[in-house]
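A short worksheet on the structure shown next.
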Amino acid sequence: MDEPCQNRYADAMPTPLVLTVSQLTAGIKELLETGFTDLIIEGEVSGLASTSGKNLYFSLKDENALLTVVWFSSASRPGATPPADGDRVRVWGRISVYEPQGQYQLVVSRVEALGIGDILARLERLKKKLESEGLFDPQKRRSIPPYPRVIGLVTSSSGAALQDMLRIFLQHNVPATVRIFPVPVQGQEAPTKIVQMLNYVSTRKLADVLILGRGGGSLEDLLAFSDESVVRAVASCEIPVISAVGHETDSPLTAWAADQRTPTPTAAAELLARPWAVLLQTLHQLRNEMLSSLHWRLDRAQAALRDFRPERLEETFRRLVQPRYQRLDDAKETLVHRWKERLFQLRSRLEIAGATLSALSPWSVLDRGWALVSTESGSLVTSSQGLAPGDSLWVKWKDSQVRVEVKEIHR
């Protein structure tokens, strides 16, 4: 009884439809693509990747789900800033099924950031990450050369910032070579191009110092200068880099990695031009002082040589020589007068000495009637001591002398 019943129910069930994988996928594709169009979805960007064709692939996620997203380059707006991991965005698109993988995905035509706060939060996270790696260490910053011979400008070739910097260099007559390395300063391609140009200039040592800059703009416009790859390229550049992005209130992350930060591109040009201007002014002042001194000396020489012109040479000779002749005569007269005085003094001293010697001379005693007594040997006899009867003596007067013999001695 049971078996016949089973066969009867089996004959009553409908035959199931057998589909291929492609047929089922095509059906789901048609159902989804026709049922989910003109979607606006919000979420956080995750797993961002791009291809050589500039197509972007990423996921949108929230607390409970994950959605695969593709943004084809043909749908990208010119100059649009691509999102980054961690961005909260709002996207416009439609659901599509990628049949080779049996995967549904969101094909977007427009992407917008969900407010400045989300961008700032992402930048703050990136800043803390790079800071923890030591990219912003002040000890790693190099000094800017005061007199660079080659100045490199990494900026847009069509921007006002370039013209402002060139104007400053021209105003100060900076005698340096200025090389322009053009790059896009905003948009999807800007970070890659900036990194490539920095590496190109750095490896070939094409400048002594670099200014990385652009004019002001919105936070979104300046995002290329806060891109992680650009910040790392600035930090690893072999040439000192000056960050000159935006206005004074703007502070992209490249400003923290650069060797010097200036509030504007004009200020960066002023920073490099000022030492040259001071040097040139000092040289100009020294040149003027040297010329002034040279002119003064030439004037003095001309004034001194003016008296030696042929028509005045004889008069000049007399004027120069006559005073010297007069001085010679005065000197000669003074010398003769002093010699006469000296001779008179010597003559007076000689006369006094002669009178003194004459008064003390024994011959003066003879003039007064005295006589000198001497022995045979010529020694003067001043006392009878040592004499004996029979000694022979000489007695000398003024005009004659006699020889006598001692007979008696009375003491």
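The values are calculated or read from the model by the stated rules, or taken from the named source; none is laboratory data. What you see is a predicted model, and the numbers here were worked out from it, not measured in a lab. Virtual Cβ from ideal backbone geometry, glycine too; neighbours counted across all protein chains shown.
Enumerate the pairs (first residue in the stretch 217-230 and farther than 15 Å from GLU124 by Cα and free of Cβ contacts under 8 Å to residues at least 24 places away in the same chain; second residue anywhere and basic (Lys, Arg) and exposed (fewer than 15 other Cβ atoms within 10 Å of the Cβ)) with beta-carbon separation below 7 Å, excluding pairs fewer than 6 apart on the same chain, so at least 6 apart or on different chains.
none
Over 19 Å from the mean Cα position of the chain (by Cα), modelled with pLDDT of 90 or more, under 18 Å from SER143 (Cα atoms) and aliphatic (A, V, I, L, M), is that true of ALA257?
Yes; evaluated as a whole, the condition is true for this residue.
Taking the conditions exactly as written (modelled with pLDDT under 90 and surrounded by fewer than 14 Cβ atoms within 10 Å (Cβ to Cβ)), does ASP38 satisfy them or not? First the steps, then the outcome.
Numbers: modelled with pLDDT under 90: yes; surrounded by fewer than 14 Cβ atoms within 10 Å (Cβ to Cβ): yes.
When the stated conditions are applied, ASP38 passes them.
So which residues in the stretch 237-261 are in contact (Cβ under 8 Å) with a residue 24 or more places away in the chain and surrounded by fewer than 23 Cβ atoms within 10 Å (Cβ to Cβ), if there are any at all?
Within the stretch 237-261, CYS237, GLU238, ILE239, PRO240, HIS247, ASP250, TRP256, ASP259, GLN260 qualify.
Do we find that PHE317 is surrounded by 10 or more Cβ atoms within 10 Å (Cβ to Cβ), closer than 30 Å to ALA304 by Cα and out of contact with any helix residue (DSSP H, G or I) (no Cβ under 6 Å at 6 or more places or on another chain) in this structure?
Judged against the criteria, PHE317 is a match.
Which one is farthest from ALA26 (Cα to Cα), of the residues in the stretch 92-109 that are among the hydrophobic types (A, V, I, L, M, F, W, C) and in contact (Cβ under 8 Å) with a residue 60 or more places away in the chain?
LEU106
Yes or no, residue by residue, for (1) in contact with a Ser or Thr (Cβ under 6 Å, 6 or more places away or on another chain); (2) within 13 Å of ALA273 (Cβ to Cβ):
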{"site": "SER143", "(1), (2)": "no, no"}
{"site": "GLY152", "(1), (2)": "no, no"}
{"site": "HIS172", "(1), (2)": "no, yes"}
{"site": "GLN188", "(1), (2)": "no, no"}
{"site": "PRO191", "(1), (2)": "yes, no"}
{"site": "VAL201", "(1), (2)": "no, no"}
{"site": "LEU206", "(1), (2)": "no, no"}
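Could you list, in sequence order, all residues of the stretch 262-289 that are of a type in the set (Val, Ile, Thr) and touching a residue at least 12 places away in the same chain (Cβ under 8 Å)?
Across the stretch 262-289, the qualifying residues are THR262, THR264, THR266.
Can you name every residue in the stretch 189-220 that is modelled with pLDDT under 90 and surrounded by fewer than 20 Cβ atoms within 10 Å (Cβ to Cβ)?
Across the stretch 189-220, the qualifying residues are GLU189, GLY216, GLY217, SER218, LEU219, GLU220.
With respect to ARG403, determine if the residue is part of a strand (DSSP E or B), loosely packed, with under 10 Cβ neighbours inside 10 Å and at pLDDT 80 or above. It would help to see each step written out before you state the result.
Details: part of a strand (DSSP E or B): yes; loosely packed, with under 10 Cβ neighbours inside 10 Å: yes; at pLDDT 80 or above: yes.
Yes.
Kindly indicate whether any position in the stretch 225-234 is modelled with pLDDT of 85 or more, surrounded by fewer than 18 Cβ atoms within 10 Å (Cβ to Cβ) and within 18 Å of ARG179 (Cβ to Cβ).
no
With the condition kept exactly as written, say whether any residue in the stretch 152-170 is touching a strand residue (DSSP E or B) at 6+ places or on another chain (Cβ under 7 Å), among the aromatic types (Phe, Trp, Tyr) and in a strand (DSSP E or B).
No, the stretch 152-170 has no match at all.
Would you check which residues across the stretch 45-63 are of a type outside the set (Gly, Ala, Ser) and either at pLDDT below 85 or within 20 Å of GLU228 (Cα to Cα) (or both) and list them?
Residues of the stretch 45-63 that are of a type outside the set (Gly, Ala, Ser), as a first pass: 45, 48, 51, 54-58, 60-63.
Across the stretch 45-63, the qualifying residues are VAL45, LEU48, THR51, LYS54, ASN55, LEU56, TYR57, PHE58, ASP62, GLU63.
For the stretch 187-210, indicate whether the set of residues that are farther than 22 Å from ASN55 by Cα, in the same structural domain as ARG125 (by TED's automatic domain parsing) and touching a residue at least 60 places away in the same chain (Cβ under 8 Å) is non-empty.
Among the residues of the stretch 187-210, at least one is farther than 22 Å from ASN55 by Cα, in the same structural domain as ARG125 (by TED's automatic domain parsing) and touching a residue at least 60 places away in the same chain (Cβ under 8 Å), which makes the answer yes.
Tally time: how many residues in the stretch 175-214 are within 21 Å of the chain's Cα centre (by Cα) and not polar (S, T, N, Q)? Show your work before the answer.
Initially, the stretch 175-214 is screened for residues within 21 Å of the chain's Cα centre (by Cα), giving 175-179, 202, 205-212.
Among the residues that remain, those that are also not polar (S, T, N, Q) are: 175-176, 178-179, 205-212.
Matching residues across the stretch 175-214 total 12.
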